[in-house]
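Worksheet: the structure to be examined is printed underneath.
Please treat every number below as a calculation from the coordinates, not as lab data. Since we're looking at a predicted model, the values are computed, not measured. A quick note on method: Cβ atoms are made from the backbone with ideal geometry, for glycine too, and the neighbour counts reach across all protein chains shown.
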Amino acid sequence: MNEQHDIPYSADWYHSMQRLLGETACRKMGFYAIPPELLISVVIPIYNERETLELIIDRVKAVPIRKEIILVDDGSQDGTRDILKQLEEQEPDDSGNALRVILHEQNQGKGAAVRTGFLAAKGDIVLIQDADLEYDPAEYPRLLRPILEDEADVVYGSRFLGDQPHRVLYYWHYLGNRFLTTLSNCFTNLNLTDMETCYKVFRKEVIQEIAPKLKQNRFGFEPEITARISRRPYRIFEMSVSYSGRTYDQGKKIGWKDGVSAIKCILRYGLFD
């Protein structure tokens, strides 16, 4: 038996699914063929994520797509860097999961770490993955599909579209997210449901144009990149994603000050910059 039949999203696997289920069922279930030559860059900003780092990397590696995994440590002080050093030293020769580690000597913020990862990325498609376990890498194929089918240039993974599991947590955080997304939409003329989502996926041409212009070092990165994208003729899609939010005791970092900063960034990049 051809081993390719056992690799999800390979051409042989997809054709076997078509024969078994039919074209219509495959489309509804999100089954399609991913080109074997495709390379995606997974940018993972990291700050004090010792408890979850190894598990999230294992989950990213398990996705059956050729990847470069760019780990940008933003000045961690909890032993995360020791784990990164071990991963580098132990990393086997794996053409399907190339591992790259970049270190910031001082903590600058998530936006700065993402920007560093963007500028280092070499993949055909670039996506952001948080280092905690709130978002599930198994959903990459769904997020990539609109780009690979040439329908989109940018894909946002929305936590609020409603058909995926969503951990019930902080009501005021939910209201804050919805308020910031609505305010951002007023200035960008987009109809996003989740501007603050981690999962943002881009064609490399988008990153090559946008990344050198990014300025925000903290969570203001989210409204900034959204505003910059909205001013260009990019095709933007949203796909629903599951979300297993964590508590502050589990390491959640965003706070009310970041919400105030986001409002300022929405106004700044929506009106002036």
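Pairs over the 29 Å Cα-Cα cut-off, from the set Lys204/Lys257; Lys67/Lys264; Lys61/Lys257; Lys28/Lys200; Lys61/Lys200: Lys204/Lys257; Lys67/Lys264; Lys61/Lys257. With θ taken as phi - 60° and the Karplus curve 6.51 cos²θ - 1.76 cosθ + 1.60 applied, the whole-hertz 3J(HN,Hα) list for the range 212-217 is x, 8, 5, 10, 6, 8 Hz, x standing for glycine and proline.
Per the Debye calculation on the range 33-82 with a single equal scatterer at every Cα and no solvent contribution, log₁₀ I(q)/I(0) for q = 0.13, 0.19, 0.20, 0.28 Å⁻¹ amounts to -0.36, -0.66, -0.70, -1.07. Counted by neighbouring Cβ atoms within 10 Å, the residues His15, His104 run from fewest to most as His15, His104. Leu39: net charge of surrounding residues, Cβ under 10 Å, Lys/Arg +1, Asp/Glu -1, itself excluded? Neighbour charge sum, excluding Leu39 itself: +1.
Using Cα pairs under 8 angstrom and six or more residues apart, how large is the relative contact order of the chain, in percent? Don't jump to the answer; show the numbers that get you there.
Details: 475 pairs, mean separation 53.0, N = 273.
Value for the chain: 19 percent.
Per residue, the convex hull spanned by the alpha carbons of the chain comes to 134 Å³. Mean separation of Cα pairs under 8 Å and 6+ residues apart, divided by the residue count of the range 138-266: what relative contact order is that in percent? That works out to 39 percent.
Within the shell defined by Cβ-Cβ distances under 9 Å, the residues around Leu161 carry a net charge of -2, with Lys and Arg each +1 and Asp and Glu each -1.
Could you state the number of Å between the C-alpha centres of the range 145-164 and the range 16-49? One Cα centre to the other: 12 Å. With only the Cα atoms considered, the range 1-107 has a convex hull volume of 121 Å³ per residue. Whole-Hz Karplus values for the range 160-169 come out as 10, 7, x, 10, 10, x, 9, 5, 7, 9 Hz, taken residue by residue from phi with 6.51 cos²θ - 1.76 cosθ + 1.60 and θ = phi - 60°; glycine and proline positions read x. Amide hydrogen proximity for Arg235: with H placed 1.01 Å from N in the peptide plane, the residues at 5 or more positions away or on another chain lying under 5 Å are Asp153, Val154. Close amide H pairs (under 5 Å, H built 1.01 Å from N) link Ala131 with no residue at least 5 positions away or on another chain.
A Cβ-based charge dipole, computed about the Cα centre of the range 34-271 with Lys and Arg at +1 and Asp and Glu at -1, lands at about 1040 debye.
Computed from phi, the 3J(HN,Hα) profile of the range 71-77 under the Karplus parametrisation 6.51, -1.76, 1.60 (θ = phi - 60°) reads 9, 10, 8, 9, x, 4, 10 Hz, with x in place of Gly and Pro. Legend: ranking of residues Cys198, Cys186, Cys265 from fewest to most surrounding C-beta atoms inside 10 Å; resulting order Cys186, Cys198, Cys265. With both residues required to sit in the chain, DSSP beta bridges show an antiparallel share near 20%.
Taking only the alpha carbons of the range 151-273, we obtain Rg and Dmax values of 14.2, 41 Å in that order. Taking amide H atoms as placed 1.01 Å from N in the peptide plane, the amide H of Gly123 lies under 5 Å from those of Ser41, each 5 or more residues away in sequence or on another chain. Given the DSSP H assignment, sum -39500 (n - 2.57) over each helix run of at least 4 residues in the chain and divide by its residue total; what's the result at 222 nm in deg cm²/dmol, nearest 500? After summing the helix terms and dividing by the residues of the chain, the value is -12000 deg cm²/dmol. When Lys and Arg each count +1 and Asp and Glu each count -1, what net charge do the other residues less than 10 Å away from Ala152, Cβ to Cβ, add up to? Surrounding charge for Ala152 is -2.
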